[in-house]
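The values are calculated or read from the model by the stated rules, or taken from the named source; none is laboratory data. Fair warning: this is a prediction, and the values are worked out from it, not measured in the lab. Here the Cβ positions follow ideal geometry from the backbone for every residue, glycine too, while neighbour counts run over all protein chains shown. Just so you know, the surface numbers come from the protein's heavy atoms only, side chains and all, with ligands and any DNA or RNA stripped out. Shrake-Rupley method; radii C 1.70, N 1.55, O 1.52, S 1.80 Å.
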Amino acid sequence: MRIHLKTLGCRLNEAELETWSRDFQNCGHQITQNLDEADLVVVNTCAVTNEAVRKSRKLLNRAQRQNPHSKLVVSGCYASLNRDESAESLGVDLIVDNRDKDRLVAIASQELNLHAMPEQATVPGENNLLSRGRQRAFIKVQDGCRYQCTFCIVTVARGDERSRPIDQVIGEINQMVDQGIQEAVLTGVHLGGYGSDSGSDLSQLITAILDQTAIPRLRLGAVEPWDLPDNFWTLFHNPRLMPHLHLPIQSGSDSVLRRMARRCKQDEFSRLVQQARASVADFNLTTDIIVGFPGESEAEWQETLDYVEQIGFGHLHIFAYSQRPGTRAAILPNPVSREVIRQRSETLHQLGEKMKRDVLQRYIGREFPVLIESAPTTPEDGWNGYTPNFLRVQLNHTPEENLENQIISVRLQHLSESGDTLLATQLTGTLS
Ligand code: SF4
């Protein structure tokens, strides 16, 4: 069968799609990028905001309209939270709940009677990430979360914490290494909760991966700023573990953090940042901020601005609060007006751009290995990639040879006009 896979939302959804792609191919099915020719369409939905729900529904309707003869399988947070609604959607043949999504291919094969043709199974790696222009592999290691942040629907949609066995994760990363992948990104809903259900922890997982695989670069996806194992920062002494963390703080005001039921307040977050900067060279810190959480007063907003500036982040993901039915925050009083949210988001964007410039400026003149991820799109454009600490780099000349997926040494020369990229020259020979 020809299978078309589509996902919305987070890196975890992307990692799951990659696993389904491999599992379907191992059963002898083909993966097609073309929706029109597919015999089976699988959609991994998202429900983190109302907008994500709208897009999920739109994707289902488009799949049905564009290819009414295909079978349609739906999974993900929207489908898990709105089973009946999804089932009523036109043409949905099967809904696989988030709790069962690791077995989606087996369930679909059984429920929809998909004929496996192992003799036609594609050579492992034939239709791999690199052939689809991806250089980083998102590896799902954990699912679910025991916490109840009041704005979060993910904890409702994905259920209790469950960790993938270490040997399974290592097996998948070694497969990626065999395919030539240079960087693996560990993803989960609550990465810090890895092993809470199996007597292990995130440090043991990272140590095992660095010991038992040859992956050149190991990166961590978003990590909640708590439940980090004791020796966490010493792990970064291994240069194959990338010195960058995305630690969502969500607000810089303790009173707002209390209404969000976040386990990490200003003091704890500051301590974490101090530990990281003291023990990890060139550590780059990025974060998420929700703007306009119910009741967010002018004073609380100013607290957030001051705190964000005090910490100094390499990048800010800024989310305008939107009421999400099914969350406790949805019934909190004193909603902030859209106009105020728009103004505050604008102010934070400007601060974010200034902080990014300041961070990038500090690295001018330094030499780093960069994983080249994308080819020039215009004559002015150059090869693009990221340093280990996730600074965006563009080679300011376009050598003849294909640099895609290569780790090359560069000297960072100056900041791009846009202020979000470092222009660099390629170094011959090894780094000084
Ligand atoms: S810790 Fe993260 S996933 Fe868990 S409830 Fe809070 S925001 Fe949601």
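When 385, 314, 419, 365 are checked against the criterion of being more than 25 Å from the chain's Cα centre (by Cα) and under 27 Å from residue 273 (Cβ atoms), 365 stands alone in meeting it. Taking (1) more than 10 Å from the ligand (Cβ to nearest atom); (2) in contact with a strand residue (DSSP E or B) (Cβ under 9 Å, 6 or more places away or on another chain) in turn, residue 167 satisfies each apart from (2). Of the residues making up the stretch 300-351, just one is of a type in the set (Ser, Thr, Tyr), closer than 22 Å to residue 419 by Cα and open to solvent by 30 Å² or more (accessible area, probe 1.4 Å), namely 347. Would you be able to say whether some residue in the stretch 76-99 is exposed (fewer than 15 other Cβ atoms within 10 Å of the Cβ) and small (Gly, Ala, Ser)? Checking the stretch 76-99: at least one residue is exposed (fewer than 15 other Cβ atoms within 10 Å of the Cβ) and small (Gly, Ala, Ser).
Got at least one residue in the stretch 210-227 being modelled with pLDDT under 95, outside the structural domain of residue 13 (by TED's automatic domain parsing) and either more than 29 Å from residue 345 (Cα to Cα) or of a type in the set (Gly, Ala, Ser) (or both)? Quick ask: steps written out before the conclusion?
Kept after step one, since they are modelled with pLDDT under 95, are these residues of the stretch 210-227: 227.
With outside the structural domain of residue 13 (by TED's automatic domain parsing) added as a condition, the list becomes 227.
Now drop any that are not either more than 29 Å from residue 345 (Cα to Cα) or of a type in the set (Gly, Ala, Ser) (or both), which leaves 227.
Yes: the stretch 210-227 contains one or more residues that are modelled with pLDDT under 95, outside the structural domain of residue 13 (by TED's automatic domain parsing) and either more than 29 Å from residue 345 (Cα to Cα) or of a type in the set (Gly, Ala, Ser) (or both).
Taken residue by residue, the stretch 245-252 has at least one member that is of a type in the set (Val, Ile, Thr), assigned to a loop (DSSP other than H, G, I, E, B) and within 14 Å of the ligand (Cβ to nearest atom). Out of (1) under 14 Å from residue 221 (Cα atoms); (2) in contact with a Gly (Cβ under 6 Å, 6 or more places away or on another chain); (3) not basic (Lys, Arg), what's the single condition that is false for residue 188? Every listed condition holds for residue 188 apart from (2). Restricted to the stretch 189-240, and to residues there that are of a type in the set (Gly, Ala, Ser), within 12 Å of the ligand (Cβ to nearest atom) and assigned to a helix (DSSP H, G or I), the residue that is surrounded by the most Cβ atoms within 10 Å (Cβ to Cβ) is 193.
Is there a residue being surrounded by fewer than 16 Cβ atoms within 10 Å (Cβ to Cβ) and modelled with pLDDT under 95 anywhere in the stretch 179-188?
Yes, there is a match, as at least one residue in the stretch 179-188 is surrounded by fewer than 16 Cβ atoms within 10 Å (Cβ to Cβ) and modelled with pLDDT under 95.
Filtered by the rule that a residue be more than 25 Å from residue 135 (Cα to Cα) and surrounded by fewer than 16 Cβ atoms within 10 Å (Cβ to Cβ), the stretch 352-376 gives 353, 354, 357, 358, 361, 362, 364, 365.
Conditions (1) under 23 Å from residue 234 (Cα atoms); (2) under 20 Å from the mean Cα position of the chain (by Cα); (3) not polar (S, T, N, Q), marked per residue:
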site: 156; (1), (2), (3): no, yes, yes
site: 160; (1), (2), (3): no, yes, yes
site: 169; (1), (2), (3): yes, yes, yes
site: 174; (1), (2), (3): no, no, no
site: 188; (1), (2), (3): yes, yes, yes
site: 196; (1), (2), (3): yes, no, no
site: 199; (1), (2), (3): yes, no, yes
site: 206; (1), (2), (3): yes, yes, yes
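Checking the conditions here, which among 141, 154 is in contact with a Phe, Trp or Tyr (Cβ under 7 Å, 6 or more places away or on another chain) and open to solvent by less than 40 Å² (accessible area, probe 1.4 Å)?
Values: 154 fails: in contact with a Phe, Trp or Tyr (Cβ under 7 Å, 6 or more places away or on another chain).
Matching residue, one of 141, 154: 141.
Against the numbered list (1) within 14 Å of residue 313 (Cβ to Cβ); (2) of a type in the set (A, V, I, L, M, F, W, C); (3) within 14 Å of the ligand (Cβ to nearest atom), residue 272 comes up short only at (3).
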